[in-house]
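Reading through the C-alpha cells given below for one structure.
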Amino acid sequence: MIDSGLALSRRQFLSRAMGVGAAVAVSRGRALAEASGQPPVDFHVHLDNSTIDAVLPLSRERGVKFGIVEHAGTRENVYPVVLSNDAELRAYIAMLEGKPVFKGVQAEYDDWPGCFSREALAGLDYILTDAMTMPGPDGKRQKLWEKGAHIGEAQSFMDRYVDWHVHLLDTCPIDIFANITWLPQELMADYDALWTPARMRKVIGACVARGAAVEISAKLKLPRMPFLEMAKAAGAKFTLGSNGRYPEMGKIEHSIATAKQLGLGEADMFRPVPGSKAVERWGR
Ligand SMILES: [Zn+2]
C-alpha cells in the first residue's frame, strides 16, 4: 500500500485528500507513515531557497520521506545551482550523506550525461528529468514555460514535444520522468484533445521500455487520468512529487489521492534499488 487511505472511511479520506489545514496535514502525514510501514516519498524536492537541515523537520511533520533533486547539466541551463561536473556532483552527494532522504538530481536537456562519469552518477539514488527544456526552431535550448518561448502551431509542437520525450528516454539514463504531459500555458486548455491516445502511447511506451517511472505531480495536478490509466495498464511505475521549494515540499495530497483513485499499490511505486538504477542499466 502506498498510504493508509484504504483504512480510512470515505469521508475521512476525502477530507484528507482535499487538504484541511496544517494541523490536520501533520496528523495525516504521521498516519500515512504508521499504517503502511513505509512513508510515502516526495521524489521531487528542491533545496533552492533553503537547506537540507531546514527542510528535514517538514519531512518529519508531514510523515513524507523526501527525495532531494538539484539541477544538473551543462552551464547553458540557468538555475540557482547547476551541478556540472563530477566534483560538484560528489560534493552535493556528500552534503546529503547520512540524512534520511533519497539523493537525486533533476537532469536538464539531453547533454548532461557528458558532464559526469557513470561512477559519480551511480552515487545518486535516482535521476529525474522532464521535457520542459526543448530545442526551438533555431535548434537552441529553450525553457518552454518562459515568456517568449517559441511554441508555434499546436499539432506540430505536440509532435516535436512527444518526439523530445522519446529522444530523452532513448539517449539519457532516467529513473523518473517528472512534470509529464505538462503543456505551455497557451495549449493547456486543449490538453485533452492534444494528448491523443497515439501520443500518450508513444511517451508511455518509451517510459516503460526504459524503466522510467511516471511522476504524479501534486503541483501541476498532472498527468490526467487517461494518461495514468494507460501507463498503469502498460506496466509503468509511478512516483509522487511536489516539485516543492521551501516550505512546500511534501505536500503531495493530490498525488496520493490520485494514486489511490488509480488503484496503485506498493508494487506499482518506484523505489530506488541499488544495482538496478537507470545509470547502472545504461549501456548494457
Ligand atoms: Zn523540479
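At-a-glance table
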| read-out | value |
| --- | --- |
| Sparse-neighbourhood loop sites, trypsin sites (Lys or Arg not before Pro) in segment 239-277 - DSSP loop, at most 11 other Cβ within 10 angstrom | none |
| Cβ-based net charge around Gly123, under 15 Å, with every Lys or Arg adding one and every Asp or Glu removing one | -3 |
| For segment 64-213, alpha-carbon Rg and Dmax in angstrom | 16.0, 49 |
| Solvent-accessible area per residue, Å², over the chain with all protein chains present [probe radius 1.4 Å] | 43 |
| In Hz, Karplus ³J(HN,Hα) per residue of segment 217-223 (6.51, -1.76, 1.60; θ = phi - 60°; x = Gly, Pro) | 8, 6, 5, 8, 6, 9, x |
| Environment charge at Met95 (Cβ cut-off 13 Å; Lys +1, Arg +1, Asp -1, Glu -1) | -1 |
| Dipole-positive endmost among Phe227, Leu262, Ile174 within the chain (Cβ charges, Cα centre) | Leu262 |
| When the convex hull of its Cα atoms is projected in every direction, mean area for segment 68-119 (nm²) | 3.6 |
| Student exercise, segment 92-225 dipole from Lys, Arg, Asp, Glu Cβ charges, in Debye to nearest 20 | 240 |
| Apportionment of accessible area to carbon and sulfur, segment 5-281, percent (1.4 Å) | 55 |
| Distance histogram for the chain (every C-alpha pair counted, 10 angstrom bins, percent rounded to whole numbers) | 6, 30, 36, 23, 5, 0 |
| Size of electric dipole in segment 148-236: Cβ of Lys, Arg +1 and of Asp, Glu -1, about Cα centre, debye, nearest 20 | 240 |
| With at most 13 neighbouring Cβ atoms within 10 Å, loop GluC sites (Glu not before Pro) (DSSP) excluded, longest segment of the chain | 154-284 |
| The chain - charge dipole about Cα centre, Lys and Arg +1 at Cβ, Asp and Glu -1, debye rounded to 20 | 840 |
| Fully extended contour minus Cα-Cα distance, from Asp170 to Tyr246, at 0.36 nm per residue | 24.1 nm |
| Quotient of C-alpha Rg and 2.2 N^0.38 Å, computed over segment 35-135 | 1.10 |
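The values are calculated or read from the model by the stated rules, or taken from the named source; none is laboratory data. Keep in mind that what you see is a predicted model, and the values were worked out from it rather than measured. Cβ coordinates were reconstructed from backbone atoms using ideal geometry, including for glycine residues, and neighbour counts include every protein chain displayed. The accessibility values were calculated without ligands, DNA or RNA, using every heavy atom of the protein model including side chains. Shrake-Rupley method; radii C 1.70, N 1.55, O 1.52, S 1.80 Å.
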